[in-house]
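See below for the structure under consideration.
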Amino acid sequence: MAAYSFGWCEVGGAPAVASGGKGVRQALAVLGAEAAGAPERAGVAAAVAVELVHTFSLLHDDIMDGDGDRRGRPTVWKAYGTGPAVLAGDALFALAVETLAAEPGGAGAVRTLSVALGDLVRGQADDLLFADRPWTGPERVRPDEYRAVAEHKTGALLGCAAALGAVLGGAGPETVAALDRAGRHLGVAFQIVDDVLGIWGDPRVTGKPVHGDLREGKKTFPVLVALGSPMGGRIAGLLESGDAPETAAALIEEAGGRSAALAEARRHIAAVETALDDAPSTARAADELRSLLGYLVRRDV
């Protein structure tokens with residue numbers, strides 16, 4: 001099940017050619033360690049631990065969200081059953097902790113990972129509650145609430161990825177905090193760009209159906225901004241009925257949802273740059289981190 005979740009095999013163990021994902025967290029872990037002057041081993045251990053935790057979170061997220069497909073294949077719970085998928089996720093989490101605990105400086109790294117996991121769980125819990133809140137009225141989800149959830153659900157693990165290798169390498173608290181801050185802002189930007197792609201992205205690039213997030217009724221950043229506009233009532237009606245996602249997408253764009261989302265993503269990327277300026281780093285690591293930022297924000301939006 002673990003090999004299947006990483007895209008290494010098909011159900012039953014036959015070798016697979018499925019994509020293993022973008023590798024963003026691993027890259028951040030290695031580059032964060034290098035930026036802090038930590039030894040290569042620290043970056044590798046951090047990358048392994050973060051990817052194990054990320055995959056564990058995906059296994060459980062897919063169960064909670066009822067998602068039947070990921071990267072063009074059945075999710076683990078669909079392929080193997082809910083109970084086995086939960087256990088597989090638990091095993092990956094345990095292995096992540098073991099990976100860090102075995103390293104010099106592992107106690108501090110495990111604490112860093114635990115803080116990130118606490119935030120991730122909080123973000124996931126709030127995200128689940130969003131689904132039951134109305135599209136309009138005083139109880140509707142506000143963009144500032146979305147930002148907080150995005151920082152916890154997505155940003156916490158990216159911040160952990162950027163900082164964990166530095167922790168293992170014995171970097172000072174200021175450097176660790178700056179890298180964590182950079183990763184958290186990156187997480188918000190990454191999530192918002194994903195929201196834009198979930199409505200207007202090319203399915204050949206994203207691997208998701210066009211307007212998929214609208215059909216699923218997800219309360220994403222462009223939608224929440226548009227719901228606060230004079231066109232919000234009409235948009236809410238379309239979203240509640242599930243009809244005409246093409247029309248809803250056009251109205252959300254007309255109401256400024258898409259442009260506001262991209263502006264918000266750029267604001268967080270600027271905050272990433274500021275945080276990286278506060279973290280001493282080698283020129284090579286800094287350049288590669290900035291190249292990674294550019295890739296994450298562009299992604300055909």
> What GluC sites (Glu not before Pro) in segment 254-287 are in a loop by DSSP, with at most 10 other Cβ atoms within 10 Å of the Cβ?
Replying inline: none
>> Taking the 0 to 90 degree range and rounding to the nearest ten, how far is the long axis of helix 173-200 tilted relative to the main principal axis of the chain, both from C-alpha atoms?
In response: 30 degrees
>> Quick check: the distance between the Cα centres of segment 89-166 and segment 203-269, to the nearest angstrom?
In response: 25 Å
> Quick one: if you stick a label point 7 Å off each Cα along the C-beta vector at THR136 and ARG234, how many nm between them?
Replying inline: 1.2 nm
> In degrees, nearest 10, range 0 to 90: what is the angle between the Cα axis of helix 156-168 and the longest Cα principal axis of the chain?
Replying inline: 10 degrees
> Relative to the Cα centre, what is the charge dipole magnitude of the chain, using +1 at the beta carbon of each Lys and Arg, -1 at the beta carbon of each Asp and Glu, and rounding to the nearest 20 debye?
Replying inline: 240 debye
>> Neighbour counts of other C-beta atoms within 10 Å: give me ARG181, ARG140 arranged from fewest to most.
In response: ARG140, ARG181
> Quick one: TRP8, TRP77, TRP200, fewest Cβ neighbours within 10 Å first, how do they rank?
Replying inline: TRP8, TRP200, TRP77
> On a 0 to 90 degree scale, rounded to 10, what angle separates helix 106-130 from the longest Cα axis of the chain?
Replying inline: 10 degrees
> So for the pair VAL121, ARG71, with labels modelled 7 Å out along Cα→Cβ, what separation do we get in nm?
Replying inline: 2.6 nm
> For the residues SER241, SER57, SER291, what sequence is obtained by ranking on other C-beta atoms within 10 Å, fewest first?
Replying inline: SER241, SER291, SER57
> Measuring from a point 7 Å past the Cα of ASP278 along Cα-to-C-beta, which residues in segment 172-187 have an amide N at less than 14 Å?
Replying inline: 173-186
>> Give me P(r) over segment 1-118, computed from all C-alpha to C-alpha distances, binned every 10 Å, as integer percentages.
In response: 14, 42, 31, 13, 1
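Since every read-out is calculated from the coordinates, none of them should be taken as a lab result. Computed from a predicted structure; not experimentally measured. Glycine gets a Cβ as well: all are built from the backbone with ideal geometry, and neighbour counts include every protein chain shown.
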